[in-house]
Structure formats: structure tokens, C-alpha cells
1. Match the structure shown to one of the listed values [x] -0.39, -1.17; [y] -0.30, -1.17; [z] -0.44, -1.23 of log10 I(q)/I(0) by the Debye sum over Cα atoms at q = 0.07, 0.14 Å⁻¹, computed from it, and give that label.
2. Would you mind checking Lys4/Lys31; Lys222/Lys308; Lys66/Lys125; Lys130/Lys347 for any pair whose Cα atoms are more than 19 angstrom apart?
3. Within straight cross-link reach of Lys240, meaning Cα distance under 16 Å, which aspartates and glutamates are found once same-chain residues fewer than 8 apart are removed?
4. Let me know the shape class of the stretch 174-327, please: from the alpha-carbon gyration tensor, a ≥ b ≥ c as square roots of the eigenvalues, rounded when a/c is under 1.5, otherwise prolate if a/b is greater than b/c, or oblate.
5. Build a GNM of the chain with springs between Cα atoms under 10 Å: which of Lys211, Lys125, Lys332 gets the top mean-square fluctuation?
6. Hey, what angle do you get for helix 139-149 against the long axis of the chain, alpha-carbon based, 0 to 90 degrees rounded to 10?
7. Once amide H atoms are placed 1.01 Å from N in the peptide plane, what residues at a sequence separation of 5 or more from Ala155, or on another chain, have their amide H within under 5 Å of its amide H?
8. With a 10 Å radius around each residue's Cβ, average the other Cβ atoms per peptide and rank 226-234, 102-110, 157-165, 271-279, highest first.
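Laboratory data are not the source of any read-out in this text; all were calculated from the coordinates shown. The model shown is predicted, which means the values in this text are computed figures rather than measured ones. For neighbour counting, all protein chains shown are included, and Cβ atoms are generated from backbone atoms with ideal geometry for every residue, glycine included.
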Amino acid sequence: MQIKIGLLSPFLPEKDGIAIYSDNILRGLGKDREFIVTIGRQGSKADCIVDFKSISLRKELERIIKKENLSLIHIQYVPTLFGKYNLNLGLIAALNLSVPVIVTLHEVHYLSKGLRNKILSSIEKRIVEKAAKVIVHTPNQKKFLEHKCKTGNIATIYHGLRLDKMPKRKNNRNILCFGMISHGKGVPYLIGAMKYLPAYNLTIAGNFVDKATENEVRDALKRPISNIETEFKWINEEKKEKYFKKANIVVLPHIWAPYQSGVLHNAVQWGLPVVATKAGALHEMVELFKFGEVVEPKNPKALAEGIKKVFKNYRLYEKGIIEYRTAANWPKIANEHLELYKKVINKK
């Protein structure tokens, strides 16, 4: 059976983690890439351009479905991607198409306390109810949504990762905190942890999401700390690789993380153990494959102890890193997407 898939997502050259994720799916598909029609927004290199925030998104997609003779639409979804002011109404309407729709929930919201979490949880539930299939990245996310939404349409596909050669490293006690810096990343707590780690070196590299977070981090850095280096800007892929190859471990001090982190998977990509906080779904694969330590959030001393433990038992995490690289490499993950596409289309 001939299939043709519409992949709705940000695409490169956008400075967006989901754009990188989608590009890796396409690379992983190899020759099967010819069955994918990319649907992106203005400024991307997608085959078709739409307005993600438009209330007429459904109409735009139906036009593309007819023109390209699509069998299925796959939406790489992030709540904020489609606009926090219209509550994703255009996206939710677009789930009722003439072809089946698969949605990847890169975020799964375990919490329902507070207005923001209630809104996100409600949107999430509506998407699960309307989509033909929903992809999440961890077994716990699948279990949670199945119970919350009383559904059987959830599939687990691990967050993919590249298989770069794991370089041999000297034990230089180099700690890396990398990526877009938002309040939820908890960077000030890691800065606070360094007073317990005078013999270690921390590099913080990434771009601030907003001014409030920038002020928060810079305030935490006002105390003279000689073992912290920073580079606060968007880091290109070449410079990013240098940072990861120089590091000995990666630390994710998050206080809010309903997602699987791309940075966490970059760490495994370059063979690095991690210290991650027990915030949302961030820690789940670390625990499942045992390639790092998990500590409580908002606790500088706990972060410091986790970092010391990883360095003390460094070689113990290699087995988990290798096992996860085998389970979640991009060619394997891309093929799992293709098999799911076929399964949903054949069920139609």
C-alpha cells in the first residue's frame, strides 16, 4: 500500500528543539523520507507553509491533504507552539480531518494544580480524545494518559538520539548545563550547588527565554564564584559538540519538566552520565536505563551530592548509556514512527 504522510512541525533553520527533532526523524527514515510531505511555518524549508496559530488551520490542512494526496497527518505538538492566547483552538479543530491524525505530546502534564496546569491538562485531554493515536516518550507517560483519559490510543516511542562516537575523557570534573534557559530549568539551584563543589568546574551555555529568567540567573551569579563559566546566547551545533566533548557529566537541575529533554539525550549521544531532578518526566529514562543519578529539585546540596556520586562511580553508568543508545537511536525510532503510520492507516 502506497502511503504519504504530512508532518506538521517547525523545521530548520528555525532555532527550535522540535525542528531539530523532526529533522532527525526525516534523516532516520533514509529512503523512506520520500513518503513525507513537510508542513511548516513561514521561514522554514518545509514543502508546504501554514499558519500554526490560525483558527483556519483545519481548512489549510485539508487543502494540503487533497493537493498532496496524504494518507495521514502527524503533528509534532508543543502547547506553546500553537499560541497560548487562543488555547490551541485551531489545532484542536484540525484534529477532525478527512485522514487520521497522530499527535506527539512532547509534554505530558502530571500536575493539575493551578490555573496554568489545569488549562494545559484540559487541552491535553481533548487532544488525546480526538487524535487517532498519541505518541509519548516514556512508559510512565503512557500509563498516566491511559488512566487519565480512559483510552487505549497511546503509543510509547522513545525520544530519539544520535550515535556519535563516545570519546575517551580525562576526569577533569567538568560539569555542563546546556540549553534554552527558562525559569523551569532551575539553573540558580545548580549555581548554588557549586559552593559545595570547589574542586569542580561548571559551564552554563544557552540562550535566555525571557528577561525575568536572565535576571534570576545573573543575580545568582553575583556572588564571586571562580569555578563557573558562562556563554549566554544561542549555541550552534558545532559549538554545542565542543561543549559536550569537553564535559564529564551533564546536569539538568529542572524544577518543572513535563517533557523528555533534548539535552539529556545529547548527553547520552556523547556518552555522558547525567544528574537530573525528579521533576515531571525528566528523570524517568535516567531511572529506567540507569545512566545517571536522580535527585530532588530545588535543592542545591542534593544536586552537589548527586554530582559527587556520579564522579565517584563514573564507570557504573556506561552499561545504561550503551543500552539506551541501542534502544533509542534515530534509525530505530524513525522506523517505529513509520510502522505506527502504517498501522493507523491500515486500521482506517
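1. Among [x] -0.39, -1.17; [y] -0.30, -1.17; [z] -0.44, -1.23, the one derived from this structure is [y].
2. On the way: Lys4/Lys31 13 Å; Lys222/Lys308 24 Å; Lys66/Lys125 29 Å; Lys130/Lys347 16 Å.
Pairs exceeding 19 Å: Lys222/Lys308; Lys66/Lys125.
3. Correct list for Lys240: Asp16, Asp164, Glu229, Glu231.
4. Here the stretch 174-327 falls in the rounded category.
5. Lys211
6. With both axes taken from Cα atoms, the answer is about 50 degrees.
7. Here Val134, Ile135, Val136 satisfy the definition.
8. Numbers: 226-234: 13.3, 102-110: 22.7, 157-165: 18.0, 271-279: 24.4.
In descending order of packing, they fall as 271-279, 102-110, 157-165, 226-234.
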